[in-house]
């Protein structure tokens, strides 16, 4: 059975280590950010697990790790924390640039210790 979504690669940048930083998604051949609207520990738990970075320790909005420079690709919604990937969170959507700005880029810190 073919999945109904396309996997979007993730990374954390500008956090000083691989398991902390601004959340970025690779879509349409370029890296872009995630809006911090509704950004919480449940969403962070999904990202940490997806990246093999252990448990979510903290969520940081308002471009805590600096503003991104690419498009703002996603506004994830309604994660329970058990999803396998961020894009499988219910009602996640790809944004148009005007719905968010880079002073609202989501950031996070993971424990860095695999489960």
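Every number in this text was worked out from the coordinates using simple rules, so none of it is lab data. Please read all numbers here as calculations on a predicted model, not as lab measurements. Neighbour counts are summed over all protein chains in view; Cβ atoms, including those assigned to glycine, are modelled from backbone coordinates with ideal geometry.
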Once fully extended, how much extra length lies between residue 37 and residue 69, figured as 0.36 nm per residue of separation less the alpha-carbon to alpha-carbon distance? 9.7 nm
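From largest to smallest, what semi-axes in whole angstrom does the chain give when each is the square root of 5 times an eigenvalue of its alpha carbon gyration tensor?
18, 18, 13
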Relative contact order computed over the chain (Cα-Cα under 8 Å; 6+ residues apart), in percent: 34 percent
In nm, what is the difference between 0.36 nm times the number of residues separating residue 55 and residue 101 and their Cα-Cα distance? 13.8 nm
Under 19 Å from a label point 7 Å along Cα→Cβ of residue 29: give me every residue in the range 51-77 with its amide N that close. 70-73
From the helices alone, meaning DSSP H stretches of at least four residues, give me the mean residue ellipticity at 222 nm for the chain, per-run term -39500 (n - 2.57), in deg cm²/dmol to the nearest 500. -3000 deg cm²/dmol
